[in-house]
Amino acid sequence: MAEPGRAGGQGGAGPAPRPNRAALHGARVLLGVSGGIAAYKAAELARELLRSGAEVQPLLTAAGERMVSRATFAALTGRPVPASLWDDPAAVEHVALARWGQVLVVAPATAHTLARLAAGLADDLLTNVALAFPGPVVVAPAMHTEMWQHPAPGPTSSCWRAAASWSCPRPPAR
Ligand SMILES: Cc1cc2nc3c(=O)[nH]c(=O)nc-3n(C[C@H](O)[C@H](O)[C@H](O)COP(=O)(O)O)c2cc1C
């Protein structure tokens, strides 16, 4: 896992870094899955984390759930996957989950979710957990290059504005 609080990786080119499986053993990982086409890869990521001995709590956005079902993640991880912020109000789940997790990984992170996270918006379970979560956040932006490179206060600037507290890959060279 990348060092918390630092931007890492080169975004795109080069071989994927090898996971440090020993470091992940026993780790409690909050896995945010937003609605990019790469959501199918998050299922494999969950499996790899589990193989490393981590516990994985999936948190899907509504669009993420349109890509891959909650049932898939529940079956893979052996944990219930909450449908929304409002599943169990008495449990105040977003706070309980934020306290449970040791690291928050958002993979894939859509342009929309990156912007929400960077702006501190809290309009669904994932973003509420993120806001309540004091630990390290690792984001894996995934979108078309045009979206990533858009000059509006969108994905790239969201990522870098927040890079002081997130692990975020470097944008590809233009
Ligand atoms: C087939 C399809 C693929 C998409 N892939 C991406 C993607 O890779 N990255 C992205 O940022 N948005 C992608 N989107 C758009 C997001 O689903 C949309 O912005 C959504 O509002 C994101 O919501 P969320 O961030 O809350 O999950 C895709 C949409 C569709 C229909």
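The values are calculated or read from the model by the stated rules, or taken from the named source; none is laboratory data. Because the structure is predicted, anything quoted here is derived from the model rather than measured. Cβ placement follows ideal geometry from the backbone for every residue including glycine, while neighbour counts extend to all protein chains displayed.
Worth a mention:
- Of the helices (runs of 4 or more DSSP H) that lie entirely inside the range 90-174, those containing 2 or more residues that are modelled with pLDDT of 90 or more and either surrounded by fewer than 21 Cβ atoms within 10 Å (Cβ to Cβ) or polar (S, T, N, Q) (or both) span 93-100, 111-119, 125-132.
- Considering only residues in the range 75-89 that are in a helix (DSSP H, G or I) and surrounded by fewer than 14 Cβ atoms within 10 Å (Cβ to Cβ), the one that is farthest from the chain's Cα centre (by Cα) turns out to be 89.
- The range 22-47: number of residues that are away from the ligand (no atom under 16 Å from the Cβ) and surrounded by 14 or more Cβ atoms within 10 Å (Cβ to Cβ): 5
- Out of 46, 63, 38, sole residue that is modelled with pLDDT of 95 or more, under 20 Å from residue 111 (Cα atoms), in contact with a Pro (Cβ under 8 Å, 6 or more places away or on another chain) and not aromatic (Phe, Trp, Tyr): 38
- Selection from the range 109-147 of residues that are charged (D, E, K, R) and under 15 Å from residue 94 (Cα atoms): 123, 124
- Residue check for residue 62: surrounded by fewer than 20 Cβ atoms within 10 Å (Cβ to Cβ), over 15 Å from residue 130 (Cα atoms) and over 16 Å from the mean Cα position of the chain (by Cα): no
- Residue list for the range 16-47, restricted to those being outside any strand (DSSP E or B) and touching a residue at least 40 places away in the same chain (Cβ under 8 Å): 27, 34, 35, 36, 37, 38, 39, 41, 42, 45
- Close pairs from the range 114-138: first within 12 Å of residue 32 (Cα to Cα), partner among the charged types (D, E, K, R) and buried (at least 18 other Cβ atoms within 10 Å of the Cβ), Cβ under 9 Å, at least 6 apart: 124/116; 125/93; 126/116; 127/116; 128/93; 129/93; 130/116
- Members of the range 101-144 that are under 13 Å from residue 59 (Cβ atoms) and in contact with a Lys or Arg (Cβ under 6 Å, 6 or more places away or on another chain): 101, 127
- Counting the residues of the range 48-72 that are more than 9 Å from the ligand (Cβ to nearest atom) and either in a helix (DSSP H, G or I) or within 26 Å of residue 144 (Cα to Cα) (or both) gives 11.
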